[in-house]
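For reference, the structure discussed in these notes is given below.
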Amino acid sequence: MEVVRLVEVTKVYELPRGSVKALDDVSMSVGAGDFVSIMGPSGSGKSTLLNIIGCLDTPTSGEVFIGGARVSGLSDDELTRLRLERMGFVFQHFNLIPTLTALENVEFPMLLRGMREREAKERGKQLLRAVGLDEGLGEHKPSELSGGEQQRVAIARALANDPDIILADEPTGNLDSKTSKSIMELLKMLNERGRTIIVVTHDPLVASYTARTLKLVDGRLVG
Amino acid sequence: MSIFFEFARRNLGRHKFRSVLAVVGIVIGVLALTALGILGNSIRLSVTEQLYLVGNELVVFPHGEPLISEKNFKTLERVADAIPVNSQADRAVLGSETGAVMIYGMRATDLPKLLDIADGQFFKHGSLNCVVGASLAAEYDLRVGERIIIREQKPRIVGILKERGIGFDINPDNAIIISEKLFSTLYEPEGYDFVIVRVEDIDKVEAVKEEIENRLNKKEEVVSVMEMKMIVESLKEFFRMVSVFLLGIGSISLAVAGVSILNVMMMSTVERTKEIGVMRAIGTSRRGILLMFLYESLILGAVGGVLGAMLGFGVGYLIDVWILGKASYLFTPSSVAYVFVGIAFGVGTSVFSGLYPAWRASRLKPIEALRFE
Ligand SMILES: Nc1ncnc2c1ncn2[C@@H]1O[C@H](COP(=O)(O)OP(=O)(O)OP(=O)(O)O)[C@@H](O)[C@H]1O
Ligand SMILES: [Mg+2]
């Protein structure tokens, strides 16, 4: 089954000094259960591509389909709902909400979806256990956690609403190599249990965990 | 959604000092508004309480001549219920003392129309007795049955009047009222000092006034007619202006507080741009972001408003005691209402000031907000 399909997607940024083509005629598809990495030099358009897949950004031309449904023309509220229910984001800088504890960060997307607090708490704890966060760290604020721990919490948060795809933009970019490995092991384990995962990375070692690698150069898919 | 309220609460806790300053601004504004509102209201209550005002009275004074002639009075009587009054300041022996006092000469039949008895009764037509005002009786410790001495006359006090307050017609509280006959004996007036005209229907006051002027001031102006209704109205207008002025001063300080809330909220939205981007990315709607910021300004306004209104009530108490010498006007509904007016304006100002920042935050594009460092 196809989870993501891009058809001739182009993204152009209009700048005062001419326009920048961040993505140039990109067509691709990702099936359910795939583990895909996107590689390429800095500025090649990796983040732009991931953000368009994640419905955070819209292409200048071309079409995006998520789960077979066309995304263009959806309202802001509809896109938000789509992200809430079908996407899980993992960022390079973890981006946990600093006023919430680790557990609350994981609960938040569930509460947004209208789940009852009790249930959200239960599932939140379960998810933190599943990503291997030490019991007891759930009540800690992000600032009291290490980078690796924060990224585990972020992955648990991404899993909160049982999304169709996990999108990770350089999830190991701010971690040392040992921690990077353990995070990739975690993602691999999730993929083995059926999660569809797309990872943007510079690191060939990270890419080596994935089943398939897409290469971007100057906004074009190569190879 | 209560999660956004919880967010708001925690976000305010992140910058405690800044939040406290913003609240202090609202507190000062609401305090000023409440205290000044209460002051204005108390002044109005205290003045109107001391004034005796009836809207349906006209007072006709002589113009050009010292007195209103008997003939002109007869004309007035034909227009409406006319009460002739003579007045004279004189010295009188009151109890064991001698004092200067206002003496009114009035017809016995007119007394019940204008005055109330506290003790004893009114004098009869043509009587040589008198009634005295409440304040005068209290000052000189006068009692019913006692005699007072005015020149060679010794009228007996048959009644003590109820307190009435300062009026624009007569001021009986500090006066002695004697019959027309006794007044003539004492001072031999050739007319009346003024005539009080009572109009049954308050809406006909202007018409009666015009009628009087038409009849008496036909050739030349011999009387001037003072309209109590107009005085009542201009007094009301005056106190409305005082209240508006005081509330205006209060509102200015509240407006300053509003600007500081706006400033604080703008700072928060900029500082938290990235966080807003994250919240939006993982599925928070625009409405959620809007609510979060509105709750923040609501909390600031509610805390500041309640504190400010309570302090304002306290300060209102102190001002009332200091300026008016008593606090009894403080617990009237119209004064207490300013506590709620203060809270409402505090919350309103704060939420209003938060509207724009909240709207702006909710309109941030998730992708751009996320990229913000
Ligand atoms: N908001 C924007 N406005 C203008 N140009 C942009 C914007 N975002 C990205 N670009 C440009 O688009 C191109 C692709 O950017 P993108 O962030 O997708 O690259 P990337 O492959 O993720 O790079 P990196 O590895 O450094 O993260 C770059 O040339 C970048 O300058
Ligand atoms: Mg990038």
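Quick test for you: out of A:47, A:75, pick the one residue that is of a type in the set (Gly, Ala, Ser) and either closer than 14 Å to residue B:371 by Cβ or within 16 Å of ligand 1 (Cβ to nearest atom) (or both). Break it down into steps so the answer makes sense when it comes.
On the way: A:75 fails: either closer than 14 Å to residue B:371 by Cβ or within 16 Å of ligand 1 (Cβ to nearest atom) (or both).
A:47 is the lone residue from the list that is of a type in the set (Gly, Ala, Ser) and either closer than 14 Å to residue B:371 by Cβ or within 16 Å of ligand 1 (Cβ to nearest atom) (or both).
Of all residues in the range A:78-98, which are in contact (Cβ under 8 Å) with a residue 40 or more places away in the chain and either of a type in the set (A, V, I, L, M, F, W, C) or more than 16 Å from ligand 1 (Cβ to nearest atom) (or both)?
Going through the range A:78-98, the residues in contact (Cβ under 8 Å) with a residue 40 or more places away in the chain turn out to be A:84-98.
Hits for the range A:78-98 are A:84, A:85, A:86, A:87, A:88, A:89, A:90, A:91, A:94, A:96, A:97, A:98.
Is one or more of the residues making up the range A:109-120 within 14 Å of chain B (Cβ to nearest Cβ), open to solvent by 10 Å² or more (accessible area, probe 1.4 Å) and in contact with a strand residue (DSSP E or B) (Cβ under 7 Å, 6 or more places away or on another chain)?
no
Determine the pairs where a residue that is more than 11 Å from chain B (Cβ to nearest Cβ), located within the range A:136-165, has a partner that is among the hydroxyl-bearing types (Ser, Thr, Tyr) and buried (at least 21 other Cβ atoms within 10 Å of the Cβ) with Cβ atoms under 7 Å apart, the partner being 6 or more residues away or on another chain.
Taking only residues 6 or more apart or on different chains, the pairs are A:164/A:196; A:165/A:196.
Any chance the range A:42-65 includes a residue that's within 16 Å of ligand 2 (Cβ to nearest atom), touching a His at 6+ places or on another chain (Cβ under 8 Å) and away from every other protein chain (no Cβ under 14 Å)? Working first, answer last.
Going through the range A:42-65, the residues within 16 Å of ligand 2 (Cβ to nearest atom) turn out to be A:42-54, A:56-57.
Imposing the further condition that a residue be touching a His at 6+ places or on another chain (Cβ under 8 Å) reduces the set to A:42.
If we keep only those that are away from every other protein chain (no Cβ under 14 Å) as well, we get A:42.
Within the range A:42-65, one or more residues are within 16 Å of ligand 2 (Cβ to nearest atom), touching a His at 6+ places or on another chain (Cβ under 8 Å) and away from every other protein chain (no Cβ under 14 Å).
With B:245, B:331 as the choices, which residue is in contact with a helix residue (DSSP H, G or I) (Cβ under 9 Å, 6 or more places away or on another chain) and of a type in the set (Phe, Trp, Tyr)?
Details: B:331 fails: in contact with a helix residue (DSSP H, G or I) (Cβ under 9 Å, 6 or more places away or on another chain).
Sole residue among the options that is in contact with a helix residue (DSSP H, G or I) (Cβ under 9 Å, 6 or more places away or on another chain) and of a type in the set (Phe, Trp, Tyr): B:245.
When only residues in the range B:1-17 that are under 12 Å from residue B:291 (Cβ atoms) and under 43 Å from the mean Cα position of the chain (by Cα) count, which is farthest from the other protein chains (Cβ to nearest Cβ)?
Among them, the one singled out is B:5.
Looking at B:21, B:58, B:45 in this structure, which one is open to solvent by less than 20 Å² (accessible area, probe 1.4 Å), at pLDDT below 95 and either more than 14 Å from chain A (Cβ to nearest Cβ) or on the phi > 0 side of the Ramachandran plot (or both)? Outline the logic, then answer.
On the way: B:21 fails: open to solvent by less than 20 Å² (accessible area, probe 1.4 Å); B:45 fails: open to solvent by less than 20 Å² (accessible area, probe 1.4 Å).
Every option except B:58 fails the conditions.
Within the range A:19-38, work out how many residues are free of Cβ contacts under 8 Å to residues at least 24 places away in the same chain and not polar (S, T, N, Q). Spell out how you get there, then give the answer.
Narrowing the range A:19-38 to residues free of Cβ contacts under 8 Å to residues at least 24 places away in the same chain: A:19-20.
Those still in the list that are not polar (S, T, N, Q) too: A:20.
Total meeting the criteria: 1.
Among the listed residues B:276, B:343, B:289, identify the single one that is in contact (Cβ under 8 Å) with a residue 24 or more places away in the chain, out of contact with any Asp or Glu (no Cβ under 9 Å at 6 or more places or on another chain), farther than 30 Å from residue A:161 by Cβ and assigned to a helix (DSSP H, G or I). Before the answer, list the steps.
Numbers: B:276 fails: farther than 30 Å from residue A:161 by Cβ; B:289 fails: farther than 30 Å from residue A:161 by Cβ.
After applying the criteria, what remains is B:343.
Residues that are within 12 Å of chain A (Cβ to nearest Cβ) and either open to solvent by 70 Å² or more (accessible area, probe 1.4 Å) or polar (S, T, N, Q) (or both): does the range B:342-363 have at least one? Step through it out loud before you land on a result.
Initially, the range B:342-363 is screened for residues within 12 Å of chain A (Cβ to nearest Cβ), giving B:362-363.
Narrowing the set further to residues that are either open to solvent by 70 Å² or more (accessible area, probe 1.4 Å) or polar (S, T, N, Q) (or both) leaves B:362-363.
Checked against the condition, which is being within 12 Å of chain A (Cβ to nearest Cβ) and either open to solvent by 70 Å² or more (accessible area, probe 1.4 Å) or polar (S, T, N, Q) (or both), the range B:342-363 yields at least one hit.
If you scan the range A:51-73, which residues turn out to be among the aliphatic types (A, V, I, L, M) and touching a helix residue (DSSP H, G or I) at 6+ places or on another chain (Cβ under 7 Å)?
Step one: filter the range A:51-73 for residues among the aliphatic types (A, V, I, L, M), giving A:52-53, A:56, A:64, A:66, A:69, A:71.
Of everything in the range A:51-73, those that are among the aliphatic types (A, V, I, L, M) and touching a helix residue (DSSP H, G or I) at 6+ places or on another chain (Cβ under 7 Å) turn out to be A:56, A:64, A:66.
Scan the range B:172-202 for residues that are among the aromatic types (Phe, Trp, Tyr), open to solvent by less than 20 Å² (accessible area, probe 1.4 Å) and farther than 16 Å from residue B:74 by Cα and jot them down.
B:183
The values are calculated or read from the model by the stated rules, or taken from the named source; none is laboratory data. Treat the numbers as computed from the prediction; the structure is a model and nothing was measured. Backbone-built Cβ (ideal geometry, glycine too); neighbour counts: all protein chains shown. We work out accessible area using only protein heavy atoms, side chains counted, and drop any ligands, DNA or RNA first. Shrake-Rupley method; radii C 1.70, N 1.55, O 1.52, S 1.80 Å.
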